[in-house]
Amino acid sequence: MPQTIDLTDPQTRARISPVRNERAPLIGLSKKALAVTLVEAGVPVKQARMRASQLWHWLYVRGVSDFDAMSNISRDLRAMLAEKFTIARPEITAEQVSQDGTRKWLMRFPSRGAGKPVEVETVYIPEEGRGTLCVSSQVGCTLTCSFCHTGTQKLVRNLTSEEILAQLLVARDRLGDFPGAETQLGAIVPSEGRKVSNLVMMGMGEPLYNFEAVKEALLIASDGDGLSLSKRRITLSTSGVVPNIYRAGEEIGVMLAISLHAVNDKLRDELVPINKKYPLKELMQACRDYPGLSNARRITFEYVMLKGVNDSLADARELVRLLKGIPAKINLIPFNPWPGSNYECSDWETIERFADFINDNGYASPIRTPRGRDILAACGQLKSQSERLKKTDRLALEAMMIAGHGE
Ligand code: SAH
Ligand code: SF4
């Protein structure tokens with residue numbers, strides 16, 4: 001049975017969800033910005049770099065969320081920092097654990113200026129040898145891909161670099177992935193190595209429509225003096241914001257995934273409407289031009305399998321033609337249903353036939369096993385608390401999964 005951890009118990013809540021206030025966040029600032037911020041707060045210019053490095057280590061190597069834990073920083077400076085700044089984690093309003101070990105957290109970020117507090121979903125997927133964290137970049141999405149649940153929720157706002165990084169920090173806290181911490185009893189994690197070894201920008205939102213914050217957060221996540229995730233283990237997924245694809249390669253340098261889903265403009269206009277703005281020809285050219293592309297650094301093309309819509313062998317043939325010359329891997333995603341969706345997932349044999357065809361033509365074509373469907377954590381099922389499912393919808397969804405898409 002999927003499990004929901006009770007966060008209404010005040011003690012559990014206080015332990016994992018410290019209350020935040022309106023002090024300025026230090027998480028999410030680049031090293032340079034951190035040093036500048038310290039100087040503005042009164043730290044002598046000569047000390048700024050050294051203090052910024054110390055803080056960086058505490059925040060990102062040790063994972064502390066309380067200035068008092070920073071033992072090599074004087075009491076006076078700690079008090080000053082605590083008065084002006086915050087390094088507290090967001091509140092965790094729900095934590096769900098799927099039968100398959102997938103975890104979903106709902107995190108609540110305080111208001112920014114006049115805006116309301118927002119809630120964001122983050123998903124952890126443990127596998128043999130790796131643990132992948134699926135991070136959100138926006139609350140809702142401005143795009144309206146017809147098969148995506150997030151696409152039915154209007155954009156509430158972009159997340160800040162602090163909020164993007166906080167998702168990684170909270171996951172590492174909860175999984176005991178910082179030095180000296182213990183893994184939560186019973187948590188399913190890789191048997192060795194880091195619990196969060198990979199990060200994918202595949203949660204809610206279109207990361208390339210929140211470029212600066214995503215860039216800042218990913219550069220911090222991959223910084224060798226801090227969180228140290230290899231850029232080869234970070235993947236940014238885009239629906240095809242062509243002008244920012246090159247910039248992503250040049251300025252962030254992480255792995256790229258393209259949500260392709262259709263091989264002709266007519267169908268892609270319908271499934272991924274941003275295609276009307278940046279059609280396939282431009283998208284494919286942007287992929288060919290992606291900085292650092294090679295056989296060792298291939299682009300992942302995501303392709304959701306929709307019954308009778310995009311799953312024929314003719315589609316597979318066209319896909320192979322379209323990708324010619326691009327070092328690519330094709331990730332076939334069985335469609336994950338949600339209440340009100342107008343699609344069905346392709347039959348398993350159809351998916352396998354499609355995968356075999358692509359494979360025979362020289363492309364790796366793994367089929368992505370749906371994970372965490374029972375807690376609505378699978379691809380395209382995320383939607384924030386503000387628009388949580390009504391009970392009737394949840395029951396309808398469960399019935400749908402039992403009828404045709406269950407694990
Ligand atoms: N906005 C970005 C990243 C988030 S979506 C993008 O579109 O790439 C992550 C992946 O899940 C995308 O490939 C998306 O197309 C896919 N997806 C969305 N809804 C889905 C659903 N219902 N079933 C399966 N995959 C889905
Ligand atoms: Fe937005 Fe991506 Fe969903 Fe499209 S698939 S609506 S871009 S989150």
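The values are calculated or read from the model by the stated rules, or taken from the named source; none is laboratory data. The structure displayed is predicted, hence computed values, not measured ones. Virtual Cβ from ideal backbone geometry, glycine too; neighbours counted across all protein chains shown. Heads up: the accessible areas ignore ligands, DNA and RNA and are worked out on the full protein's heavy atoms, side chains in. Shrake-Rupley method; radii C 1.70, N 1.55, O 1.52, S 1.80 Å.
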Give me the pairs: first residue in the stretch 336-361 and in the same structural domain as V304 (by TED's automatic domain parsing) and farther than 18 Å from S312 by Cα, second residue assigned to a loop (DSSP other than H, G, I, E, B) and within 16 Å of ligand 2 (Cβ to nearest atom), beta-carbon distance under 6 Å, and six or more apart or on different chains, which are they?
N336/P370; N336/A378; N336/C379; N336/G380; N336/Q381; W338/H149; W338/Q381
Which one of these does L227 not meet: (1) more than 21 Å from S312 (Cα to Cα); (2) more than 10 Å from ligand 1 (Cβ to nearest atom); (3) assigned to a helix (DSSP H, G or I)?
(3)
Could you run through the stretch 197-221 and say how many residues are over 22 Å from G240 (Cβ atoms) and surrounded by fewer than 24 Cβ atoms within 10 Å (Cβ to Cβ)?
4
Looking for whichever is within 16 Å of ligand 1 (Cβ to nearest atom) and among the β-branched types (V, I, T) here; the options are V118, V156, V170, V97. Which one fits?
V156
Matching residues in the stretch 329-356 - criterion: being open to solvent by 50 Å² or more (accessible area, probe 1.4 Å) and either within 16 Å of ligand 2 (Cβ to nearest atom) or farther than 21 Å from A286 by Cβ (or both)
G340, N342, E344, D347, W348, E349, E352, R353, D356
Matching residues, the stretch 338-369, being assigned to a loop (DSSP other than H, G, I, E, B) and over 25 Å from L256 (Cα atoms)
W338, P339, G340, S341, N342, Y343, E344, S346, D347
Residue count for the stretch 299-328, restricted to those that are surrounded by fewer than 17 Cβ atoms within 10 Å (Cβ to Cβ) and either charged (D, E, K, R) or in contact with a Gly (Cβ under 9 Å, 6 or more places away or on another chain) (or both)
5
Selected residue (only one of R247, R232 is more than 30 Å from K276 (Cβ to Cβ) and open to solvent by 30 Å² or more (accessible area, probe 1.4 Å))
R232
Could you please give the count of residues in the stretch 295-328 that are of a type outside the set (D, E, K, R) and away from ligand 2 (no atom under 16 Å from the Cβ)?
16
Six or more apart or on different chains, Cβ atoms under 9 Å: show the pairs whose first residue is in the stretch 135-161 and without any contact (Cβ under 8 Å) to a residue 60 or more places away in the chain and closer than 21 Å to K116 by Cβ and whose second is aromatic (F, W, Y) and open to solvent by less than 10 Å² (accessible area, probe 1.4 Å).
L159/F109
Picking from V304, V309, V320, V263, which residue would you name as being of a type outside the set (D, E) and in a helix (DSSP H, G or I)?
V320
Kindly indicate whether any position in the stretch 251-267 is in contact with a Lys or Arg (Cβ under 8 Å, 6 or more places away or on another chain), closer than 18 Å to F301 by Cβ and of a type in the set (G, A, S).
yes
F178 meets each of (1) out of contact with any strand residue (DSSP E or B) (no Cβ under 8 Å at 6 or more places or on another chain); (2) within 13 Å of ligand 1 (Cβ to nearest atom); (3) farther than 21 Å from T369 by Cβ with one exception, condition (2)
Residue among A171, A166 that alone is open to solvent by less than 30 Å² (accessible area, probe 1.4 Å), touching a strand residue (DSSP E or B) at 6+ places or on another chain (Cβ under 6 Å) and modelled with pLDDT of 95 or more:
A171
